[in-house]
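First up is the structure itself, then whatever we jot down about it.
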Amino acid sequence: MNPLAICLLVSALLFAVGLAGALTRRSAILVLAGIELMLNAANLNFIAFWRFGPHPEALTGILFVIFAI
């Protein structure tokens, strides 16, 4: 597997754990923790596509992640 596929697989697993946590918990704090995991998975996708994209010197992926944080 190439590094991009590994990053996307980790991101998908992180998103799935966050989604399961957000849908199955009744406590508002645990639901927000699940949503935070899903946002972190999206940030990991931004970084992975920026790093393995055609122009990694353009810093666009990092800017999306900084604004998302």
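Readers should treat all values here as calculations from the given coordinates under stated rules, not as data from a laboratory. Remember, it's a predicted structure, so these values are computed and weren't measured experimentally. Counting neighbours? That spans all protein chains shown, and the Cβs are built from the backbone with ideal geometry, glycine included.
Only helical runs count toward this figure. For the chain, summing -39,500 (n - 2.57) over DSSP H runs of n ≥ 4 and dividing by all residues gives -27000 deg cm²/dmol at 222 nm. Remark: the residue 28-residue 60 segment gains 8.2 nm on full extension, using 0.36 nm per residue and subtracting the alpha carbon distance. Computed over all pairs of different Cα atoms, the Kirkwood value for the hydrodynamic radius of the chain is 12.7 Å.
In the chain, which helices (entire DSSP H runs) extend 24 Å or more along their own long axis, judged by Cα positions, while averaging at least 0.0 on the Kyte-Doolittle scale?
Those that clear 24 Å and a mean of 0.0 are 3-24, 28-51.
Which of the trypsin sites (Lys or Arg not before Pro) found in the stretch 1-61 are loop residues per DSSP with 15 or fewer other Cβ atoms within 10 Å of their Cβ? Hits after loop and neighbour filter: 25, 26.
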